[in-house]
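Worksheet: one structure, shown below.
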Amino acid sequence: MSFRHWVILLPLIAALISCSAASNDKPGKKHTITIAGSTSVMPFTEKLAEHFMVDHKNFIVDVQGGGSTAGIQAVINNTVELGMSSRPLKNEEKRLNTITICYDGIAVVVHPDNPVGDLDLDRIRQIFSGRISNWRELGWVDRRIDAVSREEGSGTRGAFEDLVMKGNEIDDGTMVQDSNGSVKEVVATDPYAIGYISMGLVDKKVKPVAIAHVSPSIKTIKSGRYKLVRPFLYVTNGELDTKSRRFVDYVLSKEGQQILRNEGLVGFYD
Amino acid sequence: MIDRTVLKEHLVKWVLVAFALSSLLFLFLIFIFILAEGLPLFLKVGLNKIIFGMKWAPTKGHFGIFPMIISSFLVTIGALIIGAPLGLSCAIYLSEYAGKRTRMLLKPAIELLAGIPSVVFGFLGVIYIVPLVRNYLGGSGFSLISTCLVLGVMILPTIISISFDALVSVPRTYREGSAAMGATKWQTIYKVIIPSAKSGILASFILGMGRAIGETMAVIMIAGNALKIPTGILDPLRTLTGNIALELAYATGDHRLGLFSTGVVLMVIIMILNYIANFGIKRKIAK
Amino acid sequence: MRINPRYINRLVRMGLNVQAYFTVGILIIIVAIIFFKGFPHTNFAFIFSFPEDMGREGGIFPSIVGTIQLALLSILLATPLGLGTAIFLTEYTKESLFTKFIRFGVESLAGIPSILYGLFGFIFFVIKLKMGWSLLAGVLTMTIMILPTIIRTSEEAIRAVPRQLRIVSYSLSASKWETIKKVVIPAAIPGILTGIMLSIGRAVGETAAIIFTMGSSLRLPLSLMDSGRTMAVHFYILAREGISMEKAYGTAVVLVLSILLINILAYYIMNKAIARYS
Amino acid sequence: MDRFALKTNRLNLYYGDFHALKNVDFQVHSNAITALIGPSGCGKSTLLRCFNRMNDLLEEVRIEGDIYVHDERLEDIDIINLRKKVGMVFQRPNPFPFTVYENMVYGLKVHGMGHRRGWREIVDRWLHTPALELSEEIKQRLCVARLLTVEPEIILLDEPCSALDPIATMRIEELMIELKERYTILIVTHNMQQAARVSDYTGFMLLGDLVEFGETSQIFTSPQDERTEGYITGRYG
Amino acid sequence: MDTKIATDRLRLSFGETEVLKTISIKVHKNTITGFMGPSGSGKSTLISVINRMIDFENNVRIEGDATIDGTSILDGSINPIELRRRVGTVFAVPIPLPRSIFENVAYGPRLKGTSDRTTLHHIVEDSLKKAFLWDEVKDRLGTSALKLSGGQQQRLCLARTLALKPEIILLDEPCSGLDPISTAKIEDALSELKSEYTIILVSNNTKQIARISDFSAFFYLGELIEYDTTEKVFTAPSETKTEDYIQGKFG
């Protein structure tokens, strides 16, 4: 094709694409709900959305990550209908409405081969602040502890700092990963690692540690004995519109809560 | 008739000028927007406290990225130590020793290495290199040495192809002249060809450094991303790029500005490297 | 004592041989690992079905579509810009301060790491121009990213067209643009296509810049304003979060295979071109 | 000394499928200038490059037949000694991109003759200018001089004046005549007047054949072959 | 005899080096004029002024004037593209465009806007015949021009130039790489063509100039040493330089 043809064709193609794009923006009677925010909440919302869309064929639920703060910002700017947050709102965000969809435990996890199965909060705090740096001090082999934390700004890290660190700083030598999944992957591959992740993600690849003899489970959270718990929130700007309400209602329904429960989260019907 | 041709020629020329200017415009936009986001924090916190600050806790008002600057340079130099000799040897082999057929096979194979996405390198690094380091050298495996190994391989294609170009562009007459005086092949390479291609080879090293310092995804998968300056090759570390990629998603307010400040520092480093590679060294070749 | 240069020569030759094959060995190992681990999980259904359970089950169809959309649209935008710039630099100016500036721009763009493109795309397209995470923001960012590749390869291809061909065309009373259109560009087409192929490869393999501009939504992008997830991003998320190693390897096979194909095609075109003019 | 410094016997050379030299029997007399002339592409440079095995640098070259250097078979001579003995100057002057000094001592270094007494005195301080800044003629002279440092016996010149203007050409020609006292010289030239001016013996080649070989005066005044005559009278070329 | 091309005290330098030193020459209509001289004498540069191909060189300074039919061709108002339609050029090395034989010859007419297939075919046939090439290629006009032999390629280049229907043909050492038979064919073609065209033949083969040109000019280091009828120049040159050159004493 000659150069001239290209020059003529390109704008045409671009125009065509944008036309089809424009027409796709109002697809028949389909309703699009856009949700963005915490990567901790995202996988569960995606799961919920998948199920929701099976029963509600005329709905499209678009789930994005981005982090709690970005989600809240997006709600304030009205670019999304729902924000997801794994941390409580800050003061300047308080004018937004929140809906607690469930509670999530934070599990401290180690490699399945690690014999250490029980730590108290103080020990965990000392590990992450660098004051305990060898497994020998915890009654295992003489090997450095590979602590894994989340990155600055993450909701999970925020909750962990509030609930565990209590004003102590996480040591600079601690490894940092940017999602629950990647923390889990590191702990699952490194026998000497310790990290904290959303309880819903715990599976056979990692071993949750009991905290002061209390293992993390839905039961112990419900009974209030397991203390590392945070709410998962949906955030809206003002009242919900009807289409989003349909989705939120589904999430809060028995069916939706059962899905969350299957994922290891603590809902309202347990 | 003639006027129309002349007019058309002018029109074409100005359209092309506009196209050519677009690159400058894009560069300008990138500069402006990264600077606009990154500079305010420098003014607010102070250049020293950012560049030489040891503590990075942006939600608590600490924006020091000195450990990351050091870490970025460490991985880059490490990658160069691994990639440069290997890459240069390959380039010499390809340009001087390999037969036509071998070259036809090896050259594209090496260029394919450049095409493999960096996430694939990162992934394979996590699956194979990290456990290897953990089991045989110690530490968590997420470390300076693992990162350097993976980056060293990743910069190979850059080093090989640019050095190769520099080597083959040494005029044939030099080779003939040297051979005609009874020099062996290696003497010719060592005494004539490499000195003649010196600046191109250096440029390849510097561009390889640029690639290593700019690599992101593979690095955050392997480096461990700890905030301290590593004290040994087995310690985890966080690079400038890693800092941005790890935290951008969650950052707001000053935290986000802090990441853009990291971007500004990275951009300045890259610009200096590029400047050396393109304008300091290539000009010498032209001479 | 002087060692016979001939022995040194032989020794060096052997050493270089080993290193060259070692390097190629790395490539072969990488490709082999991906293929051995991934092929069992790659099949027709995997390519043409939608992912379920965040990618733990099902296929990668939306990612494939997203990748193709991203690559094609950015090529469509970058090619005229890049080719035009290359033509301007080679045919319309002598080396001057102005061309130095443009070349500086191109070289600098080429050297900027992708994460900075990500930062820029995020702040400019996503935030300032309010595009949100969208195919459009991804495409525009990618266009700027691949522009230098297209400019440089086109420029090289155009420069490689023998000067005499132009002289002949001028001597037959062709104007500049006629010469470029009828002689220079047809002769340089293989080189230009190679550049396009390499750019497609880059767009397909890019992660850092895409994740912050195009987002990572798993659904099929139907409009320019939709977010999407390219194969590379999907692979990154699957592998990094340990969602499913099987699916990750499967995605890697499709990803690496398509890049291999693109590169081989580029190389094939290039060789055809060389054969044609030598 | 033997009469022929270089000799070929039924020499055939192929570049891939292309038959570049066809059954060439050729002799170069010692301490004389022998010229090879012929239109471009006739194989004269190829023949020249056989004598110091420069064709080895090319791929897909096949050589049949025998070549002798001072009655010694070419295959029996170590390639490095051969090239030391048979020096070559190229069409375009090709000094290395170093200083004149470094160019001059290159051959000495390569052959491990760096300790030879006196070479330091050969090269003086003015030699520290980059060789590429010299004029074309001086560059070509430098290439000749560089060659002489390794003391060759035979010098091959491949169109040494084609890049030079008439005055520089004249000076290089004078240099050649001076050199033939001590060296055997074989020169390839497309300029038959040059061959007529400087050489003692001339060979005329066409399409890979050595058409005619003899004393220069005889070739130019009474050529035996009508193809030679056609070329010399400028009917083509 | 009418003057077709004339230069008046033409001086030309590339940067610091003066390549043409005050050249004044009148080339007559419908003749073959041979330009000879050793390399670096400026003969090729002079013809690149006549077809304005000199425009593509850098750092050129020109003084004096050059005219065709009495009109200056160095004037800013002259369109070099138009000029090159009147002045065709054949270069030393045959450079066919990488396309078919037919398209090579049709390239110029197409640029002029001729697109009718029959007209084009007539022009192509006519031009190839004039270049003595038609019989060899008439059955394979569609094959690539690069497949032709060197001599055929050079005649194709001549035909391509003729297809422009020029008034002047400049040939820059057109036979330097050719075998005797091809050379003879080109020389025959030129002798036929001179009734319709004004031809300038640049060559360092003095014998060729002696054979076919009507006028001969001898250039040396940028100067026009001698210019007269070929017979006069070759039998009774007025300058010793010319005589030395013709006899092969230098160059």
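Straight Cα distances below 14 angstrom link B:Lys44 to the aspartates and glutamates B:Asp254, with same-chain residues fewer than 8 positions distant left out. Taking a Cβ cut-off of under 15 Å around B:Ala20, the surrounding Lys, Arg, Asp and Glu residues balance to a net charge of +1, with basic ones at +1 and acidic ones at -1. Positive-end ranking of E:Leu148, E:His121, E:Ala159 along the dipole of the range E:112-192, with charges on Cβ about the Cα centre, is headed by E:His121. The dipole here belongs to the range C:44-277: it is taken about the Cα centre, uses +1 on the Cβ of Lys and Arg and -1 on the Cβ of Asp and Glu, and is about 820 debye. The mean count of C-beta atoms from other chains within 10 Å of the C-beta of residues in E:57-64, rounded to a whole number, is 0. Just tell me which lysines come within less than 23 Å, Cα to Cα, of A:Lys207; anything on the same chain fewer than 8 places away is out. Partners within reach: A:Lys184, A:Lys219, A:Lys222, A:Lys227.
Per-residue ellipticity at 222 nm, computed for chain D from helices alone with -39500 (n - 2.57) per DSSP H run of at least four residues, works out to -9000 deg cm²/dmol.
Candidate cross-link partners of E:Lys194 among the lysines, defined by an alpha-carbon separation under 21 Å and a same-chain spacing of 8 or more, comprise E:Lys4, E:Lys26, E:Lys29, E:Lys43, E:Lys129, E:Lys130, E:Lys165, E:Lys185, E:Lys207, E:Lys232. Amide H contacts under 5 Å for A:Leu265: none, restricted to partners 5 or more places along the chain or on a different chain, H placed in the peptide plane at 1.01 Å from N. Excluding B:Ile193 itself, what net charge comes from residues whose Cβ is under 9 Å from its Cβ, given Lys and Arg +1 and Asp and Glu -1? It works out to a net charge of +1. Helix content alone sets the calculated 222 nm mean residue ellipticity of chain C: runs of n ≥ 4 DSSP H residues at -39500 (n - 2.57) each, divided across all residues, give -23500 deg cm²/dmol.
Under Stokes-Einstein, with the Kirkwood radius over Cα pairs as Rh, the value for chain A at 25 °C and 0.890 mPa s is 120 µm²/s. Within the accessible surface of the protein assembly as shown, defined with a 1.4 Å probe on protein heavy atoms only, the carbon and sulfur portion equals 58 percent. Looking at chain B, what % of the alpha carbon pairs are farther apart than 34 Å? Cα-Cα pairs in chain B separated by more than 34 Å: 36 percent. Accessible area per residue for the protein assembly as shown is 40 Å², calculated with a 1.4 Å probe on protein heavy atoms, without ligands, DNA or RNA. This model, with +1 at the C-beta of Lys and Arg and -1 at the C-beta of Asp and Glu, gives the range D:153-221 a dipole about its Cα centre of some 100 debye. Counting only other chain Cβ atoms within 10 Å of each residue's Cβ, the peptide E:167-176 averages 1. Highest mean packing first, where packing is the average number of other Cβ atoms within 10 Å per residue, the peptides D:205-211, D:52-58 line up as D:205-211, D:52-58. For the peptides E:197-206, C:31-40, the ranking by mean Cβ contacts within 10 Å, running from highest to lowest, is E:197-206, C:31-40. Annotation: E:Phe14 carries an accessible surface of approximately 70 Å², with a 1.4 Å probe and no ligand, DNA or RNA atoms counted.
Buried area at the B:C interface is about 7100 square angstrom, summed over both chains, from accessible surfaces computed with a 1.4 angstrom probe.
The average projected area of chain E, computed from the convex hull of its Cα atoms over all directions, is 13.6 nm². Take each residue in A:147-155, count the other chain C-beta atoms within 10 Å of its C-beta, and the mean is 6. Within the shell of other residues whose beta carbon sits under 11 angstrom from the beta carbon of C:Arg13, the net charge comes to +2, with Lys and Arg scored +1 and Asp and Glu -1. For chain D, which longest stretch is free of loop sites, where a loop site is one of the GluC sites (Glu not before Pro) that DSSP puts outside H, G, I, E and B and that has at most 12 other Cβ atoms within 10 Å? The longest uninterrupted stretch comes out as D:61-180.
Seen from all directions on average, the protein assembly as shown presents a Cα convex hull projection of 57.8 nm².
The angle separating the long axis of helix E:150-162 from the principal Cα axis of greatest extent in chain E is about 90 degrees. Between the residues D:Phe4, D:Leu148, D:Val211, the greatest Cα displacement towards the positive end of the dipole of chain D, with unit charges on the Cβ of Lys, Arg, Asp and Glu, is found for D:Leu148.
Less than 5 angstrom separates the built amide H of A:Phe232 from those of A:Ile101, A:Cys102, A:Tyr103, A:Asp104, all sequence-distant by 5 or more or on a different chain.
When the Cα positions of B:Ser89, B:Gly210, B:Val170 are compared along the charge dipole of the range B:70-251, B:Val170 comes out farthest toward the positive end, with charges on each C-beta of Lys, Arg, Asp and Glu.
Sorting B:185-193, A:252-260 by their mean Cβ neighbour count within 10 Å, with the most densely packed peptide first, gives B:185-193, A:252-260. In sequence order, the range C:48-63 has phi-based couplings of 9, 10, 7, x, 10, 6, 6, x, 5, 10, x, x, 10, 3, x, 5 Hz under the Karplus curve 6.51 cos²θ - 1.76 cosθ + 1.60, θ = phi - 60°, and Gly or Pro positions carry x. Magnitude of the charge dipole for the range A:80-198, about its Cα centre and with charges confined to Cβ atoms of Lys, Arg (+1) and Asp, Glu (-1), is about 240 debye.
Across the range A:160-177, coupling constants 3J(HN,Hα) worked out from phi with the 6.51/-1.76/1.60 Karplus curve, θ = phi - 60°, read 5, 5, 5, 7, 10, 6, 6, x, 7, 8, 6, 5, 5, x, 5, 5, 10, 10 Hz, and Gly and Pro carry x. Database remark: amide H of A:Tyr226 closer than 5 angstrom to the amide H of A:Ile221 (H placed geometrically; neighbours at sequence offset of 5 or more, or on other chains; Pro and chain starts carry no H). Using the Karplus curve 6.51 cos²θ - 1.76 cosθ + 1.60 with θ = phi - 60°, work out ³J(HN,Hα) for each residue of the range C:258-263 in order, rounded to whole Hz, and write x for Gly and Pro. With coefficients 6.51, -1.76 and 1.60, one gets 5, 5, 4, 4, 4, 5 Hz.
Normalised by the number of residues in the range E:78-216, the average gap of Cα pairs under 8 Å and 6 or more apart makes the relative contact order 34 percent.
Computed on the Cα trace of the range C:100-203, the radius of gyration divided by the Kirkwood hydrodynamic radius gives Rg/Rh = 1.13.
The values are calculated or read from the model by the stated rules, or taken from the named source; none is laboratory data. On a predicted model such as this, the values are computed, not experimentally measured, just so you know. Cβ: placed from backbone, ideal geometry, glycine included. Neighbour counts: every protein chain shown. The accessibility values were calculated without ligands, DNA or RNA, using every heavy atom of the protein model including side chains. Shrake-Rupley method; radii C 1.70, N 1.55, O 1.52, S 1.80 Å.
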